[in-house]
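Have a look at the structure below, then the notes.
The values are calculated or read from the model by the stated rules, or taken from the named source; none is laboratory data. Please read these numbers as outputs of a predicted model, since none were measured by experiment. For neighbour counting, all protein chains shown are included, and Cβ atoms are generated from backbone atoms with ideal geometry for every residue, glycine included. Accessible surface is based on the protein model in full, side chains and every heavy atom, while ligands, DNA and RNA are left aside. Shrake-Rupley method; radii C 1.70, N 1.55, O 1.52, S 1.80 Å.
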Amino acid sequence: MLSITVRDHIMIAHSFHGDVFGPAQRPHGATFLVDATFRREALDEDNIVVDMGLATQELRVVTAELNYRNLDDEPDFAGINTSTEFLAKVIADRLAERIHKGALGEGARGLTGITVTLHESHIAWASYERGL
């Protein structure tokens, strides 16, 4: 399996519902380093996994939809605990949708999977992996 990873970051505000979250039930901010890893079985005709420039650009498009937002105020997330794991899935699914629409070029049609990892700190992170 071959892969490339591109990186961006987001800064969000949110709060959680449920005693398990303790003080995080109150509004708070979070900054995430966002890694998106694209996978395929064999290199394409250009000998690449996917165009890194396009992958970086499309990751930025997706993260821009979340960056500097209070997720508690976003209709898509009403009543949802926007945990690190949940946000990794949201970003991966939105990237997958862009891939299927051709935003990463024809060569991206050979991608077999994507993993999005949100680094909450240097000691804690969460990932979501999905097929394409």
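Rundown of residues vs (1) farther than 24 Å from residue 29 by Cβ; (2) open to solvent by less than 20 Å² (accessible area, probe 1.4 Å); (3) in contact (Cβ under 8 Å) with a residue 12 or more places away in the chain; (4) not in a loop (DSSP other than H, G, I, E, B), yes/no style:
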residue	(1), (2), (3), (4)
53	yes, no, no, yes
59	no, yes, yes, yes
94	no, no, yes, yes
99	yes, yes, yes, yes
103	yes, no, yes, no
122	no, no, no, no
(request) Scan the range 73-92 residue by residue and report those that are in a loop (DSSP other than H, G, I, E, B) and in contact with a helix residue (DSSP H, G or I) (Cβ under 6 Å, 6 or more places away or on another chain). (result) 82
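When you check residue 18 against the structure, is it on the phi > 0 side of the Ramachandran plot and in contact (Cβ under 8 Å) with a residue 24 or more places away in the chain, yes or no? Full working, then the answer.
Numbers: on the phi > 0 side of the Ramachandran plot: yes; in contact (Cβ under 8 Å) with a residue 24 or more places away in the chain: yes.
So residue 18 passes the test.
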(request) For residue 82, state whether it is β-branched (Val, Ile, Thr) and open to solvent by 10 Å² or more (accessible area, probe 1.4 Å). (result) no
(message) So in the range 62-78, with the set limited to residues that are open to solvent by 30 Å² or more (accessible area, probe 1.4 Å) and touching a residue at least 40 places away in the same chain (Cβ under 8 Å), which one is nearest to residue 108 (Cα to Cα)?
(response) 67
(request) Mind listing just one residue for me: the one in the range 105-120 that is in a loop (DSSP other than H, G, I, E, B) and in contact with a strand residue (DSSP E or B) (Cβ under 7 Å, 6 or more places away or on another chain) and, of those, least open to solvent (accessible area, probe 1.4 Å)? (result) 111
(request) Taking only the range 9-51 into account, find how many residues are among the small types (Gly, Ala, Ser), surrounded by 13 or more Cβ atoms within 10 Å (Cβ to Cβ) and part of a strand (DSSP E or B). (result) 3
